[in-house]
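FYI, it's all coordinate maths here, none of it is from the lab. Source: prediction; values computed, not measured. Note: ideal-geometry Cβ built from the backbone for every residue, glycine included; neighbour counts use all protein chains shown.
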Amino acid sequence: MSLALSQLCLDCGLCCDGTLFRYVAINGSEREELVRLGIGVGENRKGEVMWLPCGKLAGKCCTIYEARPGGCRRFVCALGKRLEAKEVSLEEAKAQVVEMQAKIATLKALLPPSDEPVLRQARAHIDSTTSQVNEAQLKAFQAVEDQRYAVFMPPPA
């Protein structure tokens, strides 16, 4: 990992806070270590997983960096890959992160208070048959999702 990518990751945290993903795939030996560390693990239809947001994320920093699962070690978001390929500068990449964080903050402010990750809460609110969803909420949710897929998510394999 380059110094520039490390700096970007330390300013971001979107892969760990539940914004980009709901879980990270893990293997059996990682599961044991994560349970020992007090991190939420479980299973889904694809196998064993560590649930996100990660309980060991402090602000935007991983507090178990050396013990993080292989999926976390290997992951580089699409923006990070563009930075590594020198398609964007560190300043441009950081600006994208700041923009996304601002969009997430706007969306969060438009939703009822909750401890759920913002996108998970927004999806549940929008999909609810009992919630009153307004245009501002929909617009803010779409702005986050548009940037999430355009900037941060890796293209499908």
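To the nearest 20 debye, what is the magnitude of the charge dipole of the chain about its Cα centre, counting +1 on the Cβ of each Lys and Arg and -1 on the Cβ of each Asp and Glu?
With Lys and Arg at +1 and Asp and Glu at -1, about 180 debye.
Stretched out fully, how many nm does the piece from ALA102 to GLU84 gain, at 0.36 nm a residue minus the Cα gap?
Value of the extension gain: 4.1 nm.
Mind ranking 131-143, 20-32 by how tightly packed they are, going by the mean number of other C-beta atoms within 10 angstrom, highest first?
The most tightly packed comes first, giving 20-32, 131-143.
Grab the other residues whose beta carbon is less than 15 angstrom from that of VAL76, score K and R as +1, D and E as -1, and report the net.
+3
Using the structure shown, select from LYS56/LYS86; LYS60/LYS81; LYS60/LYS103; LYS56/LYS94 the pairs with a Cα to Cα distance greater than 25 angstrom. Each step should come with its number before you reach the end.
Values: LYS56/LYS86 31 Å; LYS60/LYS81 19 Å; LYS60/LYS103 17 Å; LYS56/LYS94 23 Å.
The answer is LYS56/LYS86.
In nm, what is the difference between 0.36 nm times the number of residues separating LYS139 and CYS61 and their Cα-Cα distance?
Details: separation 78, 0.36 × 78 = 28.08 nm, distance 2.95 nm.
Computed gain between LYS139 and CYS61 is 25.1 nm.
Rank-order 79-86, 146-153 by packing density, defined as the average count of other C-beta atoms within 10 Å over each peptide's residues, highest first.
Values: 79-86: 16.8, 146-153: 15.1.
By packing density, highest mean first, the sequence is 79-86, 146-153.
Debye calculation, C-alpha points only, no solvent: report log10 I(q)/I(0) for region 78-157 at q = 0.12, 0.27 Å⁻¹, in the same order as the q values.
Here log10 of I(q) over I(0) equals -0.41, -1.25.
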